[in-house]
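Right, one structure below, let's go through it.
Laboratory data are not the source of any read-out in this text; all were calculated from the coordinates shown. It should be emphasised that the depicted structure is a prediction, and the values quoted were computed from it without experimental measurement. Positions of Cβ are generated from backbone atoms using ideal geometry, with glycine treated the same way; all protein chains shown enter the neighbour counts.
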Amino acid sequence: MVTRLALEAFGGLRYTSAIRLERHEVDWENRALIFPAAKHKSKRDQYVEGYPDNLWKWLAAATPEAWEMSRRQYLNEKAAAFARAGVRNPGNVLRHSFCSYHIALNRDAARTALLLTHTSPVMLYRHYKGRASAADAEKWFAIAPPA
């Protein structure tokens, strides 16, 4: 389940995209993710590259079972993980954290918008700019599985 959480937290995926992604939709050679139209909110094929290094460490550490979770299993496990941590999850909190930290670290909302498969960075400026420091963003994107 941490693989799916990492897709949200360090790839900025919506939880619906995180659970739908299959292992064969990970382009390891080019470090990109492939979202077929039928699985994406936009209903258009998406090929997205440029994700942070720590996401690839999480994906490389994934077990085969990580790619076999059902949507219901993931939602239940995710809710339980947040409860154990004592942290509220008001929706796509991991995706929102990714946005805030990615903008703070890279100072490039257009680049962040591309990773999020948004059509424009306007919404990002409105909601996420100034929500995190570059120092905190460095710490966020340094989170990786044990070697």
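Side notes on the structure shown:
- Considering only Ala110, Ala37, Ala18, the mean-square fluctuation computed in a Gaussian network model of the chain, springs between alpha carbons under 10 angstrom, is largest for Ala37.
- Burial ordering of Leu115, Leu7, fewest other beta-carbon atoms within 10 Å first: Leu115, Leu7
- Residues in the range 77-118 reached by a label modelled at Lys57 [backbone nitrogen below 20 Å; 7 Å Cα→Cβ]: 94-95, 97-106
- Here's how it looks for Ala62: its modeled amide H is under 5 Å from none belonging to a residue 5 or more places away or on a different chain.
- In the chain, taking the dipole from charged Cβ atoms about the Cα centre, the farthest positive-side position among Leu124, Pro52, Thr112 is held by Leu124.
- Among the GluC sites (Glu not before Pro) in the range 22-129, those located in a DSSP loop and surrounded by at most 14 other Cβ atoms within 10 Å of their own Cβ are Glu22, Glu29, Glu68.
- Spacing of the two label points (7 Å from each Cα toward its C-beta) at Trp28 and Glu49, in nm: 1.7
- Close amide-amide hydrogen proximity is noted between Ala32 and Asp27, each under 5 Å apart and 5 or more residues distant or on a separate chain (H modeled in the peptide plane; Pro and chain starts excluded).
- Exposed loop positions in the chain were taken to be trypsin sites (Lys or Arg not before Pro) whose DSSP state is not H, G, I, E or B and which have at most 12 other beta-carbon atoms within 10 angstrom. Between these positions, the longest stretch is 45-87.
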